[in-house]
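The values are calculated or read from the model by the stated rules, or taken from the named source; none is laboratory data. Predicted model only: the values in this text are computed from it and were never measured. Methodologically, a virtual Cβ is constructed for each residue, glycine included, from the backbone with ideal geometry; neighbour enumeration extends over all protein chains shown. Only protein heavy atoms, including side chains, enter the accessible area calculation; ligands, DNA and RNA are left aside. Shrake-Rupley method; radii C 1.70, N 1.55, O 1.52, S 1.80 Å.
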Amino acid sequence: MNLEEYFRRIGFHGAYDKLDLATLKLIHKLHILSIPFENLSIHCGERIIMDLEVIFNKVVRSSRGGWCLENNFLFNWVLREMGYDTTMLGSRVFNSILNDFGSDDSHLINKVVIDGKPYITDVSFGVSFQIWEPLELISGKDQHQAAGVFRLLDKGHIWVLEKTARKPLVVNPEFAKSNLVNRYETNQIYCFTYKPRESEHFLETNHKLQTDPASLFTNKSICSLQTPTGFKALIGWTYCEVTYKPEEGVDVLDMRDVTDAQIEQILREQFNVKLQSKLQPINKKVCYTI
């Protein structure tokens, strides 16, 4: 495990002796443009393990992605190795069916303090809810990014992250009513507190998310990667290319179904993902939008 290998993986070639915001923004963006948010291990008969060496070998050396408990854990290690003042936090993801946040810390994020100012970094939420650069930890401030307008809200006992999006424009008529399409203008994403967390805090959740029959991640195979103009996603057998067009006030969604025979090629060519075991795609009807 070393930083140079990680930097090669994300295509970072600059100096990192300055622990400033510009450097943090750059490696954050390069990470999300290079390393997919994906849960494919679950559907390849593999265990997802919260061990930094295992994660490093998978994500950095084996051309894979991971979910937040891998990507953001790895990113925390990167930040610490670089010398940043960083703390892991737990967050509870918003459940639109319950209209409330989940009861458990199922999402890992990082807080970074630079020159006395705190920022939230999150390189692994995926699809249109993925932030492209750290967010200033200021309540109520509109922070414009490629995917839309993000804002953090101080609710007293918790902080809430929400996003205001553009209208979806679905190119393919057969997907006009797809339940993968998010039609809400403003979405709550997750909530968190400042309480520091170690990796042990997430071990039970890590096990539950990949074994519970009710878990989103056991019901859908997901792979998404940010692109310079939007993102790509493969959900089960549905492949999507999304282009952000802020000047027109829309996000253009190009969606199509693919066959089992096409899956491996799409993962390799569109996501640079090379699987060691055969994937069994799945896309059951649970609440999930891109």
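Restricting to the stretch 209-245, name every residue that is touching a residue at least 12 places away in the same chain (Cβ under 8 Å) and among the charged types (D, E, K, R).
Lys220, Lys232, Glu241, Lys245
Is one or more of the residues making up the stretch 83-94 in contact (Cβ under 8 Å) with a residue 60 or more places away in the chain and on the phi > 0 side of the Ramachandran plot?
Yes, the stretch 83-94 has at least one match.
How many residues are surrounded by 14 or more Cβ atoms within 10 Å (Cβ to Cβ) and without any contact (Cβ under 8 Å) to a residue 40 or more places away in the chain when one looks only at the stretch 139-157?
To start, the set of residues in the stretch 139-157 that are surrounded by 14 or more Cβ atoms within 10 Å (Cβ to Cβ) comprises 143, 145-153.
Keeping just the survivors that are without any contact (Cβ under 8 Å) to a residue 40 or more places away in the chain gives 143, 145, 148-153.
Matching residues across the stretch 139-157 total 8.
Show me the helices (runs of 4 or more DSSP H) entirely contained within the stretch 1-106 in which 3 or more residues are crowded, with 20+ Cβ neighbours inside 10 Å and among the aliphatic types (A, V, I, L, M).
Details: elements: 3-10, 21-34, 52-56, 68-82.
It comes to 21-34, 68-82.
Can you find a residue in the stretch 172-195 that is assigned to a strand (DSSP E or B), open to solvent by less than 30 Å² (accessible area, probe 1.4 Å) and touching a Gly at 6+ places or on another chain (Cβ under 7 Å)?
yes
How many residues does the stretch 107-132 hold that are crowded, with 20+ Cβ neighbours inside 10 Å, free of Cβ contacts under 8 Å to residues at least 60 places away in the same chain and small (Gly, Ala, Ser)?
The number of residues fulfilling the criteria is 0.
Restricting to the stretch 229-288, what's the tally of residues that are over 20 Å from the mean Cα position of the chain (by Cα), more than 26 Å from His31 (Cα to Cα) and modelled with pLDDT under 95?
Count: 1.
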